[in-house]
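**Student:** Got a structure for you, written out below as structure tokens; questions coming shortly.
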Amino acid sequence: MFLKLNKTYFLFAGLLFLILTVTVSETYLPLYIYHAASFVLYALVLLFFYSQKERFYTEINLYLVIFSVSFIIVGVNNYISYLYNNNLFMFFTKDAVFYYHMSLSMASKSFENGIYYFLGFYDLSDLGAVLVQSTIYRIMESKLLLNIFYIGCGLIMAKAIYRISLNVMSKRYAFTCTLAYSLSSFMLFFHSSSLKESFMCMLIVLFFDQYVLYRKNRMIQHAIYAVLFLMGLLLFRPFLIFLCLAGVFTGLLLERKKGLAGALSVIIFFSIFVALYSEFNFYYNKILKGGDIAYVLETKESMVKGGVVFTYMVNILAQLIGPLPTLSPDISATISFFSAGLLFRVLLGFFFWMGVFYCFKNRVNILYSLIFYALIEMSALVSIIEGLELRKSLSHFFVFYIVAFWFLDKYDLKSLVRQKYRIRWLFNIYAVVAFFIVIAWNWRVRVPI
């Protein structure tokens, strides 16, 4: 079924890039062509390595492929940023510039004094980014060295995702799943940037990796490592700790309580976790940002037009199949870098939801906590109207890839003989509907929705 997915992606993305060429100005046409070439390269790389013999699928080969491609793409991304902006901040001049200058300032001080200096002005949730970057700049004041470090974070994530995947799928699909996530355009963009997402996502993936290892062998060291990785999120996005624990506890609850009692317990816990997250964010915006829902809606005005109900509907759609990709750099040069990966992610959404259904149906317990972590975060983001923000959604993307590729492997293993024709038919319909949704989304600037 992966071959079907890859062919559909090639046709899906190819038609979209061709049709939407008319929305691109002459200034950004070279960048648009680069994004189109990125999706072609991505599809060919996945197809080539999926087609290898079984003995090829080793960890060392996985690392070599990911490092080689990542190094080249990150280098090209930085070169493009320099051509257009005369800097290496990847069109992201707000947080990236702040992290860069604050990190240089901290690097000029002692480690302890640098931390005290930062906390005297800013929040704990941003300390992780500048702490990591200032440590790199103590070695060499080079953003490119930071990018190489982030590529290393990507390799660590790849090892963890591959190890989790091997528990539930064949080596071929575990390898392809890890490759698809690690080489996605959005992950390579963050490796190219001065932002915190690469390191933050690594901590989350490592937490679940150690949690799965602890479940398997009950060695206390894995539990300790899991706690340490989780506590590291205090310096990046503290409330993700709550979401990770919510996913774990909800998964364990469903494992122990079966039938109607288990389903009701999960629904209650799920609702409580989402409500708590929404309540926390409400007071955060009200007290620290000077507004509640009105403030949030105001900040989203540039992305969605149509009022509260329509905004919520678009956010729900974005979490179900997206975030929706923006192809034209004229709409947003930064977000356009995500397009090739997000187009694949949109198609993968169908297999994720099929995977969720069959995972619960077949009681694949090891995936419960990961799935609930993703579902709780998705629901929470919708409730605070942040479903369109890729930086907020990125932390649970690895779950989508693992669950979706688990389902693709299950499909190819002929575990779904009776449903095969129906699934292919439903996927074709889904791809067509998704195609027109992406067209409408990318045309929203010229034709108001």
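The values are calculated or read from the model by the stated rules, or taken from the named source; none is laboratory data. Worth saying up front: this structure is predicted, and the values here are computed from it rather than measured. Using ideal geometry, Cβ is built from the backbone for each residue, glycine included, and neighbour counts are taken over all protein chains shown. Just the protein is used for accessible areas: all its heavy atoms, side chains included, with ligands, DNA and RNA removed. Shrake-Rupley method; radii C 1.70, N 1.55, O 1.52, S 1.80 Å.
**Student:** What is the residue count in segment 158-196 for residues that are assigned to a loop (DSSP other than H, G, I, E, B), open to solvent by less than 20 Å² (accessible area, probe 1.4 Å) and not charged (D, E, K, R)? If you could, list the steps in order and put the result at the bottom.
**Tutor:** Taking segment 158-196 and keeping what is assigned to a loop (DSSP other than H, G, I, E, B), we get 166-170, 183-184, 193-196.
Checking which are open to solvent by less than 20 Å² (accessible area, probe 1.4 Å) leaves us with 169, 183-184, 193-196.
Checking which are not charged (D, E, K, R) leaves us with 169, 183-184, 193-195.
The total comes to 6.
**Student:** For segment 1-43, how many residues meet the condition of being among the aliphatic types (A, V, I, L, M) and open to solvent by less than 30 Å² (accessible area, probe 1.4 Å)? Write out each step before concluding.
**Tutor:** Taking segment 1-43 first, the residues among the aliphatic types (A, V, I, L, M) are 1, 3, 5, 11, 13, 15-16, 18-20, 22, 24, 29, 31, 33, 36-37, 40-41, 43.
Checking which are open to solvent by less than 30 Å² (accessible area, probe 1.4 Å) leaves us with 1, 5, 13, 16, 20, 24, 31, 36, 43.
Here the count works out to 9.
**Student:** Looking at (1) closer than 30 Å to Ala333 by Cβ; (2) part of a helix (DSSP H, G or I), which one does Tyr211 not meet, given that it meets all the others?
**Tutor:** Result: Tyr211 passes all but (1).
**Student:** Can you list the helices (runs of 4 or more DSSP H) found entirely within segment 287-342 that contain at least 2 residues being at pLDDT 90 or above, surrounded by 18 or more Cβ atoms within 10 Å (Cβ to Cβ) and of a type in the set (A, V, I, L, M)? So that I can check it myself, show each step before the final result.
**Tutor:** Working: elements: 293-299, 307-321, 333-336.
Output list reads 333-336.
**Student:** For Val356, state whether it is open to solvent by 10 Å² or more (accessible area, probe 1.4 Å) and in contact with a helix residue (DSSP H, G or I) (Cβ under 8 Å, 6 or more places away or on another chain).
**Tutor:** On the way: open to solvent by 10 Å² or more (accessible area, probe 1.4 Å): yes; in contact with a helix residue (DSSP H, G or I) (Cβ under 8 Å, 6 or more places away or on another chain): yes.
Taking the combined requirement at face value, the residue satisfies it.
**Student:** Could I ask something else about it? Restricting the search to segment 383-396, which residues are part of a helix (DSSP H, G or I), surrounded by fewer than 21 Cβ atoms within 10 Å (Cβ to Cβ) and of a type outside the set (Ser, Thr, Tyr)? Even if it seems obvious, please write down each step before you answer.
**Tutor:** At the first step, the residues of segment 383-396 found to be part of a helix (DSSP H, G or I) are 383, 390-396.
After this cut, where a residue has to be surrounded by fewer than 21 Cβ atoms within 10 Å (Cβ to Cβ) as well, the list is 383, 391-392, 394.
Answer for segment 383-396, where residues must be part of a helix (DSSP H, G or I), surrounded by fewer than 21 Cβ atoms within 10 Å (Cβ to Cβ) and of a type outside the set (Ser, Thr, Tyr): Arg391, Lys392, Leu394.
**Student:** Here's another thing I want to ask about it. Could you check, for segment 23-30, whether at least one of its residues is free of Cβ contacts under 8 Å to residues at least 12 places away in the same chain, over 29 Å from Leu11 (Cβ atoms) and out of contact with any Lys or Arg (no Cβ under 8 Å at 6 or more places or on another chain)?
**Tutor:** Within segment 23-30, none of the residues are free of Cβ contacts under 8 Å to residues at least 12 places away in the same chain, over 29 Å from Leu11 (Cβ atoms) and out of contact with any Lys or Arg (no Cβ under 8 Å at 6 or more places or on another chain).
**Student:** Shifting gears a bit: Do you know which residues across segment 373-382 are open to solvent by 10 Å² or more (accessible area, probe 1.4 Å) and more than 14 Å from the chain's Cα centre (by Cα)?
**Tutor:** Ser379, Val382
**Student:** Among (1) in a helix (DSSP H, G or I); (2) touching a residue at least 40 places away in the same chain (Cβ under 8 Å); (3) surrounded by fewer than 16 Cβ atoms within 10 Å (Cβ to Cβ); (4) of a type in the set (Gly, Ala, Ser), which single condition is Ser81 missing?
**Tutor:** Going through (1) in a helix (DSSP H, G or I); (2) touching a residue at least 40 places away in the same chain (Cβ under 8 Å); (3) surrounded by fewer than 16 Cβ atoms within 10 Å (Cβ to Cβ); (4) of a type in the set (Gly, Ala, Ser) one by one, Ser81 breaks only (3).
**Student:** Right, next: Is it the case that some residue within segment 423-442 is assigned to a loop (DSSP other than H, G, I, E, B) and at pLDDT below 95? Please lay out each step first, then the result.
**Tutor:** Filtering segment 423-442 for residues assigned to a loop (DSSP other than H, G, I, E, B) gives none.
No: segment 423-442 contains no residue that is assigned to a loop (DSSP other than H, G, I, E, B) and at pLDDT below 95.
**Student:** For segment 350-375, which positions are farther than 21 Å from Met1 by Cβ and modelled with pLDDT under 90?
**Tutor:** Arg363
**Student:** Okay, next question. Looking only at segment 44-78, which residues are part of a helix (DSSP H, G or I) and crowded, with 19+ Cβ neighbours inside 10 Å? Lay out the reasoning, then the answer.
**Tutor:** Initial filter on segment 44-78 (part of a helix (DSSP H, G or I)): 44-50, 54-56, 59-78.
Within segment 44-78, Leu46, Phe49, Leu62, Val65, Ile66, Ser70, Ile73, Val74, Asn77, Asn78 meet the criteria.
**Student:** Does Val399 count as of a type in the set (Val, Ile, Thr), modelled with pLDDT of 95 or more, under 30 Å from Lys94 (Cβ atoms) and open to solvent by less than 10 Å² (accessible area, probe 1.4 Å)? Can you show your working first?
**Tutor:** Working: of a type in the set (Val, Ile, Thr): yes; modelled with pLDDT of 95 or more: yes; under 30 Å from Lys94 (Cβ atoms): yes; open to solvent by less than 10 Å² (accessible area, probe 1.4 Å): yes.
Yes; evaluated as a whole, the condition is true for this residue.
**Student:** Of everything in segment 84-104 that's open to solvent by 30 Å² or more (accessible area, probe 1.4 Å) and assigned to a helix (DSSP H, G or I), which residue is modelled with the lowest pLDDT?
**Tutor:** Top of the filtered list is Asp95.
**Student:** Scan segment 120-143 for residues that are assigned to a helix (DSSP H, G or I), open to solvent by less than 90 Å² (accessible area, probe 1.4 Å) and modelled with pLDDT of 85 or more and jot them down. Walk me through it before giving the result.
**Tutor:** Narrowing segment 120-143 to residues assigned to a helix (DSSP H, G or I): 124-139, 143.
In the following step, the residues that additionally are open to solvent by less than 90 Å² (accessible area, probe 1.4 Å) were identified as 124-137, 143.
Within segment 120-143, Leu127, Gly128, Ala129, Val130, Leu131, Val132, Gln133, Ser134, Thr135, Ile136, Tyr137, Lys143 meet the criteria.
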